[in-house]
Amino acid sequence: MLTFVFQMAEKFDWWEIKQNINLLDNITPFVYGVFLVGTVIILYFTYERFIVFFKTNLIADTFLSFGLSKWYEYLGIYELKNMNEFGVLLLTTVIALLIYLYQKWQDGVMIKKEFS
């Protein structure tokens with residue numbers, strides 16, 4: 001999903017990647033690093049408690065959008081162009097919600113298979 005988002009970002013010029021992962025165009029280490037690991041850890045510890053998941057993820061996404069993002073820009077990893085920090089916050093929150101919904105859907109599929 002994040003790879004798709006980064007392709008959309010390239011198309012709509014949301015940000016400019018200055019340092020990417022070798023062999024992958026327009027993708028920062030953020031995609032397969034901090035965001036992915038953080039979301040999986042939050043999901044692991046808060047799953048089945050949606051409000052706790054949402055609030056924890058919102059706090060982490062706020063730190064990412066207004067703290068870590070500025071640091072990444074300072075380090076020269078990327079630069080926001082047609083999206084600001086609030087846009088990044090909205091985008092990361094929506095992605096986290098989609099990941100949560102996907103996991104809920106997978107649980108339903110797995111439970112049906114076990115009892116079939």
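The values are calculated or read from the model by the stated rules, or taken from the named source; none is laboratory data. These numbers come from a predicted model, not from an experiment. For neighbour counting, all protein chains shown are included, and Cβ atoms are generated from backbone atoms with ideal geometry for every residue, glycine included. Heads up: the accessible areas ignore ligands, DNA and RNA and are worked out on the full protein's heavy atoms, side chains in. Shrake-Rupley method; radii C 1.70, N 1.55, O 1.52, S 1.80 Å.
Summary of values
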read-out	value
Count of residues meeting criterion [outside any loop (DSSP other than H, G, I, E, B) and exposed (fewer than 12 other Cβ atoms within 10 Å of the Cβ)] in segment 31-54	5
Residues of segment 84-97 satisfying the condition of being within 12 Å of the chain's Cα centre (by Cα) and either open to solvent by less than 80 Å² (accessible area, probe 1.4 Å) or at pLDDT below 90 (or both)	V88, L89, L91, T92, T93, V94, I95, A96, L97
Residue list for segment 55-66, filter: open to solvent by less than 80 Å² (accessible area, probe 1.4 Å) and of a type in the set (D, E, K, R)	D61
First in segment 7-28 and surrounded by 11 or more Cβ atoms within 10 Å (Cβ to Cβ) and of a type in the set (D, E), second anywhere and at pLDDT below 70 and assigned to a loop (DSSP other than H, G, I, E, B), Cβ under 6 Å, 6 or more apart	E10/N26
Close pairs from segment 63-91: first in contact (Cβ under 8 Å) with a residue 60 or more places away in the chain, partner among the hydrophobic types (A, V, I, L, M, F, W, C) and open to solvent by 30 Å² or more (accessible area, probe 1.4 Å), Cβ under 6 Å, at least 6 apart	Y78/I17; N82/W14; M83/W14
Candidate set: segment 69-83, residues that are touching a helix residue (DSSP H, G or I) at 6+ places or on another chain (Cβ under 7 Å) and at pLDDT below 90; chosen: the one most open to solvent (accessible area, probe 1.4 Å)	E79
